[in-house]
Structure formats: C-alpha cells, structure tokens
Amino acid sequence: MKIIFSSLHPFVNFFYYIGVMILCMMCLHPLFLMGAIIMIVLLNIMQGNGEKIRTMLPSTFLFFVMVIVLNPLLTHRGATTLFRLGDNRITLEACMYGFIMGLLLLAIMFTFTSYNDVISSHKFLYLFSRISPKVALLTMITVRFVPLFIRRLRQITLVQKTKGVQLDSGSFIGRIKNGMKLLQVLLVCSLEDALQTADSMQARGFGVTKRSTYIRYRMERQDWYILACLAILLLSCFVFNFYGAGKLLIYPRVESLVFQQYDGILFVLFILFISLPIIMEGGEWLWWRMQK
C-alpha cells in the first residue's frame, strides 16, 4: 500500500529516514524510544507492512532479550546492585542500559522495514549515482544480496525436493551432502546471473557516458514545505538535546524516568518529526471525507 509520503521527492524521503535514525540514536531515553517504536510500527501498518512486522517479531524480540541479558553479564558498572551471579554484580544501571540498547535496535529495524518500502533501488540510484555511481550501485547490490539469496535458496530447495534431496530427513551425513548440493546449485545460479547482469550493463553502455534516469523527479512546492518542516523539527531537536534534553543519566546511578526541564518539549518535537508521514496521511483522509 502506497502512502502520500512515498510519492514525495526521494531526497525528502531519505532525509526523513536519516533524521529518524539520528534522533533515535541521539535521544537514548526509554520513553522516547518507546514512543518512536509505536509511531514507526503505525507507519509500517499504514504502508501495508503489518505482515512483515508480525513475521519479524520473534527474531527481533529474541535480539531484544539477548541485548538485555548479555549487557549486565558483561558490564558490571553501576551503584545499584540487584543480585550477584557468582563473583559478578548484576546492576540496575547495566540492565537499564541493555534495555535502552534493545529498544534502539527495535526502532532501527522497524525503520529499515519502512525505508525498504519507500526508498526503491531506482530512487537510491537517483540520489547517489551523480555523486558516486560505482559506490551507489555496489551499495544497492549489497543491500539486495541477502534477500535475493534467501529467496533463491527457497526456490531451489522446493525444486530439489522433487528429486528426493531433502534437509529435514535422513542421516546427519546425508543432510550435509544434500545441503552442499543445494549450495552448489545456488552458487552456480548466482554466477550465471552475475554474468548476465554484467553483459547487460555492458550492452547498455554503463559507465560510458553520464547516467540518465527513466523517471525524473522534481522538487514540487509540497516537497519543499515538507522538507522545511522536517529540517526545522530536526534542528529544534538538536538544540534541545544540546542543552541536555532527551538524555537519561545511567551511570553511576540511574536517574528517574520522569521528564525534566526541556524533556517534554523535545519529546513533542521528536514525536512530531517521526509521525509526520502519519499526519500527512490522516490529513489526506480527512480531506477526502470532507469532499464526500
């Protein structure tokens, strides 16, 4: 499902997602990060990525728990001792820091889910091909490398099952041999595709002249308005964060989660920045309702 925000200029889309990730890494406060996660999940649902989020939940929750558990086991800083595990202290501060890092991981992963739905490979090349065509192309190929391999491996596995090559049955040695056969087929297919891609790029004159695009993006008035709003909100967040807002003091003793001084103002600006695509979609929905 395409939302209004995805129809904006690619630079505006890219600026938004970079701003979201910067703000999440800058405002390391549990309430800020939980608010960001809620807004980003709502944005993904509006984009039609609800099923993707649902399938991601088990793995993301596992990473979230691992970060929370591993940090206090590896770091013993902090003044508040919860209990002792052998000779090691498990501190509240280390648990809180692991909790914040886990929330940050969730926010970044959900942000990339929305990013992949809005910033297509063509938009990415449009943004960076003029600056560095080779780096832009290499980055795009690298980003799609793992999903393409996984999808192709699933197809090969289904085809090979008809020939009796299975990984979920048989002896351990037999399953290893079958896995090596699947890997061999996967590598051969990947090499063939790489050669075809190289021949196609050479036939189309890649790198001979300045690269052109089959879709021309122009900054319209709405794009400038949205970009100005995003820039003002982002700069305002930087200013308030510079004066200490949006930061939770963890070491040596964790402070209260209650907002202090400018935290409330920064939180409002923070949520406004992240929820701007949602606000745009809601405004468009209200406009259509009023027209009826």
**Fill in**
For region 33-57 the number of residues that are among the small types (G, A, S) and at pLDDT 90 or above is 2
**Message:** Among the residues of region 137-162, what is the count of those that are modelled with pLDDT of 75 or more, among the charged types (D, E, K, R) and either assigned to a loop (DSSP other than H, G, I, E, B) or out of contact with any Cys (no Cβ under 7 Å at 6 or more places or on another chain) (or both)?
**Reply:** 3
**Asked** If I100 passes every condition in (1) in a helix (DSSP H, G or I); (2) modelled with pLDDT under 80; (3) touching a Pro at 6+ places or on another chain (Cβ under 8 Å); (4) of a type outside the set (F, W, Y) but one, which one does it miss?
**Response** (2)
**Request:** Could you tell me which of the residues L33, L43, L70 is aliphatic (A, V, I, L, M), crowded, with 17+ Cβ neighbours inside 10 Å, more than 26 Å from P147 (Cβ to Cβ) and out of contact with any strand residue (DSSP E or B) (no Cβ under 8 Å at 6 or more places or on another chain)?
**Result:** L33
**Message:** If I filter region 7-18 for residues that are aliphatic (A, V, I, L, M), at pLDDT 90 or above and under 14 Å from the mean Cα position of the chain (by Cα), do I get at least one hit?
**Reply:** yes
**Message:** For the condition surrounded by fewer than 17 Cβ atoms within 10 Å (Cβ to Cβ) and assigned to a helix (DSSP H, G or I), what is the one hit in L235, L227, L249, L269?
**Reply:** L235
**Message:** Please pick out the residue among L158, L127 that is within 20 Å of the chain's Cα centre (by Cα) and not charged (D, E, K, R).
**Reply:** L127
**Asked** Could you give every pair whose Cβ atoms fall below 7 Å, whose first residue belongs to region 12-41 and is assigned by TED's automatic domain parsing to the domain that holds L105 and in contact (Cβ under 8 Å) with a residue 12 or more places away in the chain, and whose second residue is of a type in the set (S, T, N, Q) and outside any helix (DSSP H, G or I), counting only separations of at least 6 or pairs across chains?
**Response** M39/S275
**Asked** Can you tell me how many residues in region 81-134 are within 30 Å of N71 (Cα to Cα), in contact with a Lys or Arg (Cβ under 7 Å, 6 or more places away or on another chain) and hydroxyl-bearing (S, T, Y)?
**Response** 3
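The values are calculated or read from the model by the stated rules, or taken from the named source; none is laboratory data. This is a predicted model, so every value here is computed, not measured. Glycine gets a Cβ as well: all are built from the backbone with ideal geometry, and neighbour counts include every protein chain shown.
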